[in-house]
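The values are calculated or read from the model by the stated rules, or taken from the named source; none is laboratory data. Note that this is a predicted model, so its numbers are computed, not measured. Cβ sites come from the backbone with ideal geometry, for glycine too, and all protein chains shown count toward neighbours. The protein model used for the area step is the full one, side chains on, heavy atoms only, and it has no ligands, DNA or RNA in it. Shrake-Rupley method; radii C 1.70, N 1.55, O 1.52, S 1.80 Å.
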Amino acid sequence: QGRLVESGGGLVQAGGSLRLSCAASGYLGDYAMAWFRQAPGKEREFVGAITWSGVTNYSDFVKGRFTISRDSAKYTMFLQMNTLEAEDTAVYYCAARFTQRAEIADYIYWGQGTQVTVSS
């Protein structure tokens, strides 16, 4: 079965940057991978996604601050986060889907999450 492992979270001051990684293993082929995040007391929300052909899309709150990339040969996805704000504090999860449709229910593999904390 597939496995997703996030890394790279930590504590950063507002205005700073972090780079998250998501390593996938055990997959025959994924259509797309995505980043989600969940802040305390809030619903899990979509951050952005990338297909293995390289097409990306982002949630509006990203506002150009984040960039998703991938190493297709290694099935690894990255989330470069710049100009971080306190509101970005959350547990960040990676997920994989095998469909073109990108509703949250379509993501059937999830990592355990990595904590990102942004201090003011």
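Please enumerate the residues belonging to the range 37-49 that are within 10 Å of the chain's Cα centre (by Cα) and within 18 Å of Leu18 (Cβ to Cβ). Break it down into steps so the answer makes sense when it comes.
First pass over the range 37-49, keeping only residues within 10 Å of the chain's Cα centre (by Cα): 37, 46-49.
Matches in the range 37-49: Arg37, Val47, Gly48.
Only residues that are touching a residue at least 40 places away in the same chain (Cβ under 8 Å), surrounded by fewer than 19 Cβ atoms within 10 Å (Cβ to Cβ) and not in a helix (DSSP H, G or I): list them for the range 92-120, please.
Within the range 92-120, Phe98, Thr99, Gln100, Ala102, Tyr109, Trp110, Gln112, Gly113, Gln115, Thr117, Ser119, Ser120 qualify.
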Of the residues that sit in the range 22-46 and are open to solvent by less than 30 Å² (accessible area, probe 1.4 Å) and in a strand (DSSP E or B), which one is nearest to Gly2 (Cα to Cα)? Ala24
Scanning the range 79-91 for residues that are outside any loop (DSSP other than H, G, I, E, B) and under 17 Å from Gln38 (Cα atoms), which turns out most open to solvent (accessible area, probe 1.4 Å)? Glu87
So how many residues does the range 55-78 have that are open to solvent by 30 Å² or more (accessible area, probe 1.4 Å) and either under 22 Å from Gly15 (Cβ atoms) or not β-branched (Val, Ile, Thr) (or both)? 16
Positions within the range 91-116 being of a type in the set (Gly, Ala, Ser) and in contact with a Phe, Trp or Tyr (Cβ under 9 Å, 6 or more places away or on another chain), in sequence order: Ala95, Ala96, Ala102, Gly111, Gly113
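Within the group Ser53, Ser69, which residue is without any contact (Cβ under 8 Å) to a residue 24 or more places away in the chain and assigned to a strand (DSSP E or B)?
Values: Ser53 fails: assigned to a strand (DSSP E or B).
None of the others qualify; the one that does is Ser69.
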